[in-house]
1. Just checking, how many residues over the range 189-238 are at pLDDT 85 or above, open to solvent by 40 Å² or more (accessible area, probe 1.4 Å) and not in a loop (DSSP other than H, G, I, E, B)?
2. Given the options Phe562, Phe554, Phe571, name the one that is touching a residue at least 12 places away in the same chain (Cβ under 8 Å) and open to solvent by 10 Å² or more (accessible area, probe 1.4 Å).
3. Under 7 Å by Cβ, and 6 or more places apart or on different chains, what pairs join a residue from the range 162-189 that is in contact (Cβ under 8 Å) with a residue 24 or more places away in the chain with one that is open to solvent by 70 Å² or more (accessible area, probe 1.4 Å)?
4. Using the structure shown, decide if Ala160 is out of contact with any helix residue (DSSP H, G or I) (no Cβ under 7 Å at 6 or more places or on another chain) and under 23 Å from Pro638 (Cα atoms).
5. Within the range 603-630, count every residue that is of a type in the set (A, V, I, L, M, F, W, C), surrounded by fewer than 21 Cβ atoms within 10 Å (Cβ to Cβ) and over 34 Å from the mean Cα position of the chain (by Cα).
6. Cβ-Cβ below 6 Å, separation at least six or inter-chain, first residue in the range 603-620 and more than 18 Å from Arg89 (Cα to Cα), second open to solvent by 20 Å² or more (accessible area, probe 1.4 Å) and of a type outside the set (Lys, Arg): which pairs?
7. Would you please list the contacts, defined by Cβ atoms under 8 Å and residues six or more apart or on different chains, that run from a residue in the range 661-690 that is under 13 Å from Gly314 (Cβ atoms) to a residue that is open to solvent by 60 Å² or more (accessible area, probe 1.4 Å) and at pLDDT 90 or above?
Amino acid sequence: MIVTALLTSVGINFGLCILFYTLYSILRKQPGNAHVYNARLVAEKKVKEGSHFQLDRLLPSAGWIKKAWQPSEEELLSIAGFDSVVFIRVFIFSLKIFSLAGAIGIFALLPINYLGGQLSDIDFADIPNQSLDLFSISNVQNGSKWLWVHFAAVYIISGATCYLLYMEHHYITSKRLAYFYSSKPEPHEFTIIVRGIPVAEGSTLDDSVEKFYREYHPSTYLSHEVVHRTSRLQSLIRDAEKLYKRIVQLNPKTSTEQNSESGSFFGRWWRKNLVTKYKRKLEDLEENVRIEQSDVSRGKEIPAAFVYFRSLYGAAIANHIQQSPDPTEWITEQAPEPRDVFWPFLSTTFLQKWISKLVVIVASIALTIVFLVPVVFVQGLANLDQLELWLPFLKSVLSMTVVSEVITGYLPSLILQMFLSIVPPIMKLFSSMQGYISYSQIERSACSKVLWFTIWNIFFANVLSGSVASQLNVFSDPKNIPMRLAVAVPAQASFFISYVVTSGWTSLSLELTRVVPLLCDFAKRHCCCCGTVDDVFVAPSIPYHRDIPKILFFGLLGITYFFLAPLIVPFLLCYYCLGYIIYRNQLLNVYMPKFETAGKFWPVVHNCLIFSLVLMQAIAVGIFALKKLALASSLTIPLPILTLIFNEYCRKRFLPIFNTYSAESLIKKDRKVQNDPSLDEFLDKLVSSYRDPALLPLQYSSTLDDGNRTPLLASEV
């Protein structure tokens, strides 16, 4: 019965994938959809929307697969950046390890499991109605010598994973250094952020910064920019920007010709009057912005500044050496890219940041507890007996074969995925409240939060199936963890196989077809009396905080279950194969990077893989003990110890490269930069590269009036 339910789930998702693929092939060629399916190319002015109809546009095509496959890694690097290359390398690593795990699992472990005879007699004619437990290690006889094959598989995959992880570390770190050497000098490489600036009586922040760095870094100090408190100003600018977009959408002079000519006389008159009203309101807002900018420029400074240096090595020395005997003064941090700066938190106080972090911790714990409600509900759906107990009036409906197959095989993981979809934006909101000064830091923090939230609430909550107290109780006695996991984990094999099919395949289909952005774009064009304006169109950035945790969680399921229930591996291979080609297409055509961390997401991948290995090895210790193979259980105990030693080696050997560059690397690039004739021009631009956008002139009204008005603010502001 469980196998039939799984096949039903696979059939439904396979059908949906084919449907989504066909829809994507057609929709991406339709006039008006370029903003959704070629957003990056539209933003770069490489693609223009067509308006003519062609019959071949209604036919599905696989040409996009070839175009996504063809670009080399170097081309992908030049187009989408180094973070995108690292993202794709996660798929490549997963395909390597699960190809090996699949070969071992399907051709060696699966026949041993099914022929084990521990649970029931074999009936080859009744396979669809049998439990998936017959295909798992649970069906192998206690004390059977065939369990040594599972033991060998655990050692092989552990060793292969560590070897491939080492090679991937070596490859990515070497590529990171090569990328650093080959890239042009960037402002953030020559800039640091200084906080906790002490101000002497009768002096100013500006004077204090200049005096300190001219005295202690005279040969490398270039200039600085003091940070101002602009929270109120940013709020005014956001209001002005929203109002400007409304006017652009309504104004016949800036809207598309179709929008300006369509509608009744009354509708055009109403729109014209509304535009006039909004223009007056926008002028008032701009006047308020100008007044606030003047006030901010004359004061409202905070004890923080961007400090610029003449060399990378000079900036690194100033960043990594404690600047004062008092560690609470002259606190330094490497500046993010100018486009990556999260300005709102630059003007917050230490107390505000401390309170924000405390609130985020409490809110994260509360979200984890609340999320147990849908998990318990999903477990009820996966167990029909329990569901009939809760809802006895549905007994007759649940007894129907089709209904029971859909409910047990498809519905639980689908509902869980719907609830889980709201977690990434919530975690990103939490991370933005923690005091990070860059979007990349917020994204990486949210990525880690979503990953560990998923592991706890999807894996452990489903495996342990109890209250928070009972789940925590499992880890209160470390000696019994392997045994408890060995009992609980195999029992949820069918659910997680179904989860991979439902959550993984469906999420890739939705990523490909971009249903939500398509509907939003359609609503903007046809339901809100406004079209998309090319000059304000911004391509989306890839949500790493949503996608990386999902990929890594499927990897955790694969590593954990490959020797317990090998049937999960083929479904994972399908997911990673599809994900590889789909995300290449999205990175080349849809997403535009909002920041570049040069691969700093890789340590998150490393930590999750190590955790997955140790978890799998702990379960193996318990499984072999339960199966009365004490020697195999004892011989597995060194594995987690060896894995943790390997992890410590990687942390010492590779991970520091992702935090900072060595003196050798910095000096090498400095010598290259110093010989560049455009260095003086770069340094001239450097001193103005970290200007707060809130202090720049606001010229929305002059733009709407075709440039007849003078700018609100002079460029010197």
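The values are calculated or read from the model by the stated rules, or taken from the named source; none is laboratory data. Just so we're clear, the structure is a prediction, and the values are computed from it rather than from any experiment. We place every Cβ from the backbone using ideal geometry, glycine too, and count neighbours over all the protein chains shown. These area figures cover heavy atoms from the full protein model, side chains too; ligands, DNA and RNA do not enter into them. Shrake-Rupley method; radii C 1.70, N 1.55, O 1.52, S 1.80 Å.
1. Total meeting the criteria: 9.
2. Working: Phe562 fails: open to solvent by 10 Å² or more (accessible area, probe 1.4 Å); Phe554 fails: open to solvent by 10 Å² or more (accessible area, probe 1.4 Å).
Step by step, each of Phe562, Phe554, Phe571 is checked, and only Phe571 is touching a residue at least 12 places away in the same chain (Cβ under 8 Å) and open to solvent by 10 Å² or more (accessible area, probe 1.4 Å).
3. Leu164/Lys96; Tyr181/Lys668
4. Numbers: out of contact with any helix residue (DSSP H, G or I) (no Cβ under 7 Å at 6 or more places or on another chain): no; under 23 Å from Pro638 (Cα atoms): yes.
No, not satisfied.
5. Adding up the residues that qualify gives 3.
6. Correct list of pairs: Val614/Pro640; Gln617/Pro640; Ala618/Pro482.
7. Ala663/Tyr313; Leu666/Tyr313; Ile667/Tyr313; Lys669/Tyr181; Asp670/Tyr313; Leu683/Arg310
For (1) aliphatic (A, V, I, L, M); (2) open to solvent by less than 80 Å² (accessible area, probe 1.4 Å); (3) modelled with pLDDT of 85 or more, each residue gets a yes or a no:
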| residue | (1), (2), (3) |
| --- | --- |
| Val275 | yes, yes, no |
| Tyr278 | no, yes, no |
| Phe309 | no, yes, yes |
| Leu312 | yes, yes, yes |
| Ala318 | yes, yes, yes |
| Ser324 | no, yes, yes |
| Glu337 | no, yes, yes |
